[in-house]
Amino acid sequence: MKLTPFLRLLIPIISGILFHKFISPTANLFFVGMGALVLMFISFFITKRNPYSLQWLFGIGLIFFLFSLSVQYCQYRRHLVSYDFPQNASSYIGEVLDYPQQKKRSVACEVNVTYPTDKKIMLYLQPDSNSQQLQPGDKILLHAFVQPFKNLGNPGEFDYGAYMLNKGFTGSAFVRSNDWSHTSVSNRSIKTEALRVRAKLLQIYKTHGLADDEQSFLSAITLGYKTDLSDDLKTAFSATGTSHVLAVSGLHVGIVYIVIMFFFSFMGNRGTSFFLKQILILICLWGYVFITGMPVSVIRAAIMLTLFCMGSLFHRKGFTYNTLAIAAFIILIINPFYLFDVGFQLSFACVYAILFFQPKMARLYSPKNKLPTYFWNLLTVSFAAQLGAFPIVLFYFGTFPTYFFITNLLILPFIAAIIYSAVTLILLSQFAFLNLHFLQLLLKGVIVVIQYLIKAVLWIVYFFESLPLSVFNDLHISLLQLILIFAGLFLLTLYILNKRGNVLISLLVSVSLVLLTSTLRYLKPPPHQFVVFNNYNEPDIGYTIRSEKVALQTFCNQTIWHPTANIVLLTENRYTSKVSNQILPVDYLILASDNSFSMFELIQIFHPKEVIIDSSIARNAANKLKNECEKLKLPFHDISESGAFSVNF
């Protein structure tokens with residue numbers, strides 16, 4: 001703690017964020033903060049008389065002041081994204097924040113509404129030529145009904161609503177082509193210019209004949225543009241423990257930093273030129289941060305490298321826990337809800353693990369030659385990073401890649417070579433207008449090199465993905481198990497270093513608790529369920545067996561097997577003007593796909609205990625069915641509004 005003073009500031013900040021999230025988002029801690037300030041003020045006078053015995057007063061006051069400030073800042077940030085739009089369609093002025101992305105049925109566009117309110121929303125535009133031509137900074141007029149984010153309510157789904165709120169977005173809206181228009185005004189800022197630069201660089205990649213996977217992979221690892229990545233590619237990298245390669249992170253920023261250092265190496269290492277050199281490096285480095293879209297991992301790496309450059313001016317070099325704590329402190333000041341971002345957690349856990357574990361692992365073996373030393377360091381860094389990442393990956397995704405240490409060892413040198421080659425390609429492309437023969441040959445040569453390097457990486461990844469037991473699935477752990485695993489890793493390292501008995505006992509206790517909680521979870525698995533999932537495109541019905549989804553193929557009108565309930569699914573209305581002599585008793589009547597159903601007609605055939613209205617039914621037809629159910633005093637469940645419907649076995 002003495003060597004990491006910023007950790008003392010970071011702990012109350014994180015505590016305040018967690019207090020706001022899990023305990024009381026509306027607590028007024030103003031007087032706590034004021035009391036802490038008074039305590040800090042009093043400590044100046046008391047410690048003059050008792051300089052040693054009461055030094056802790058100022059520290060206690062500072063901790064409670066930062067805690068109170070953190071809670072109130074979270075409340076302010078949450079207020080900024082609170083939903084306060086009208087409950088009907090209204091007119092707005094907005095500014096486009098990023099380039100539109102083509103979806104299946106719409107064009108997604110991030111927009112900052114500037115009038116009559118100031119909120120960020122996700123706009124889904126009807127696909128046309130105008131929506132595709134929008135650029136960052138463009139001002140638009142729109143008439144839309146902005147809705148708050150709402151999850152689908154499916155079992156085990158990703159909390160999209162909380163994710164978007166943490167990103168600073170308030171709501172979303174779908175806008176038809178005739179309900180919005182482009183103005184002639186365009187706002188130019190550092191961020192919009194950086195995004196335009198990224199678009200030009202992406203266009204350079206597109207003009208050189210790279211295959212789809214090659215182009216999307218190159219765009220992801222150099223510019224942080226992952227929109228074009230195929231699902232197969234993402235799955236392959238996830239299964240081999242190399243997903244971090246696809247997301248621009250400390251590895252990529254470090255390589256770019258080396259390139260920037262090389263360009264300014266002629267400016268020397270002392271005097272005014274050295275000072276100017278560090279300034280130029282930082283300008284280029286942060287320009288790259290803006291180009292990549294400013295993900296948390298890139299901001300973290302850039303802050304640490306900024307501190308490294310500033311330390312170089314005062315002849316203080318190296319990365320420390322304090323540097324990492326400063327980076328976390330600054331990012332949480334920018335947006336405290338980054339704490340719940342998976343990228344933030346993985347980034348800082350990996351870097352902490354590298355700082356903590358890698359030096360200890362490196363001392364286990366000392367190669368005598370440079371090449372073995374390089375690969376040994378690469379292996380220890382990769383293994384240390386995985387120690388920090390795997391508990392978080394298990395917690396969120398429940399997967400563990402078996403061959404991560406081999407795949408990382410093989411592909412990381414290729415990644416560095418690809419980024420160096422991409423920088424060369426971009427620089428040479430700037431002089432392509434000269435139409436010089438030798439320049440064209442150089443460009444073709446660089447492109448061929450990039451293609452072979454990317455093909456090598458993709459071959460390695462796909463090969464290891466195809467091996468038996470390449471990834472273990474369904475290994476989800478609880479929050480308690482996550483904490484216990486991290487504690488166990490920490491205690492194991494302490495025991496290896498110190499060989500203390502009390503540390504060994506604590507380690508064995510943490511391991512025993514992990515095994516105990518896993519055993520209890522295995523003995524009491526989640527119940528099997530029949531589920532009607534929330535899927536707007538088509539009926540999505542199936543079972544969840546040990547939290548695994550088993551889809552059920554639906555065809556026309558049918559009965560669905562369940563051990564204790566009678567379930568009927570209707571997807572076609574064949575009951576108009578029909579009456580049955582014997583009414584069929586049904587526990588759950590599921591209505592899907594067909595918008596012409598009428599409960600007044602269906603009760604002549606069926607006698608349901610509850611009616612399930614699938615989200616594949618249009619909203620006006622669903623509202624009609626709900627009104628009819630209310631008149632008939634029939635219980636109903638609207639999937640679109642209430643989320644998925646489930647029945648335990």
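Numbers below:
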| item | result |
| --- | --- |
| For the chain, share of DSSP beta bridges that run antiparallel, in % to the nearest 5 | 70 |
| Packing rank of 268-281, 203-216, where each peptide gets the mean count of other beta carbons within 10 Å, highest leading | 203-216, 268-281 |
| Ranked packing of 586-593, 542-549, 86-93, most packed first, by mean Cβ within 10 Å | 586-593, 542-549, 86-93 |
| Computed log₁₀ I(q)/I(0) - Debye formula, equal Cα scatterers, no solvent, the range 144-278, q 0.15 Å⁻¹ | -1.15 |
| Neighbour-limited loop hits for trypsin sites (Lys or Arg not before Pro), the range 287-341 (at most 12 other Cβ within 10 Å; DSSP other than H, G, I, E, B) | R316, K317 |
| Helix axis angle, 5-22 relative to the chain longest principal axis, alpha carbon, degrees | 10 |
| Rg in Å to one decimal, and Dmax rounded to a whole Å, for the chain via C-alpha atoms | 29.1, 99 |
| Length released on extending from D213 to L442, taking residue separation times 0.36 nm less the Cα-Cα span | 80.1 nm |
| Sparse-neighbourhood loop sites, GluC sites (Glu not before Pro) in the range 91-185 - DSSP loop, at most 14 other Cβ within 10 angstrom | E157 |
| Contour excess over end-to-end distance, with Cα ends at I279 and L9 and 0.36 nm allotted per residue | 94.4 nm |
| Under the Karplus curve 6.51 cos²θ - 1.76 cosθ + 1.60, θ = phi - 60°, whole-Hz ³J(HN,Hα) for the range 208-225, x wherever Gly or Pro sits | 10, x, 6, 5, 4, 5, 5, 5, 5, 5, 5, 5, 5, 7, 9, 10, x, 9 |
| For the range 72-94 and the range 355-390, distance of Cα centres in Å | 48 |
| Label-zone membership for the range 561-593, site E538, 7 angstrom Cα→C-beta point, backbone N under 17 Å | 570-572, 592-593 |
| Net charge, S640 excluded, C-beta distance under 15 Å - Lys, Arg +1, Asp, Glu -1 | -2 |
| Whether the range 1-130 is rounded, prolate or oblate, judged on the alpha carbon gyration tensor where a/c under 1.5 counts as rounded | prolate |
| Cβ-based exposure ranking for F266, F645, in which fewest neighbours within 10 Å come first | F266, F645 |
| Solution diffusion estimate, µm²/s, Stokes-Einstein, the range 57-197, Kirkwood Rh from C-alpha pairs, 10 °C, viscosity 1.306 mPa s | 94 |
| Overall form of the range 475-538 per C-alpha gyration tensor (a/c, 1.5; a/b vs b/c) | prolate |
| Cα-projected label distance for H79 with K609, points at 7 Å along beta-carbon direction, nm | 4.9 |
| Highest to lowest packing among 352-364, 247-259, scored as the average C-beta count within 10 Å | 247-259, 352-364 |
| Loop chymotrypsin sites (Phe, Trp or Tyr not before Pro), the range 379-454 (other Cβ atoms within 10 Å of the site Cβ: 16 or fewer; DSSP) | F397, F431 |
| Around K626: net Lys/Arg minus Asp/Glu count, Cβ-Cβ under 14 Å | -2 |
| Residue-count net charge about E214 - beta-carbon cut-off 13 Å; Lys, Arg +1, Asp, Glu -1 | -1 |
| Whether the range 520-625 is rounded, prolate or oblate, judged on the alpha carbon gyration tensor where a/c under 1.5 counts as rounded | prolate |
| Relative contact order of the range 472-590, pairs being alpha-carbon contacts under 8 Å that are 6 or more residues apart, as % | 13 |
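Read-outs throughout are calculated quantities, based only on the coordinates presented, and are distinct from any laboratory measurement. Keep in mind that this is a model prediction, so the values were computed, not measured. We place every Cβ from the backbone using ideal geometry, glycine too, and count neighbours over all the protein chains shown.
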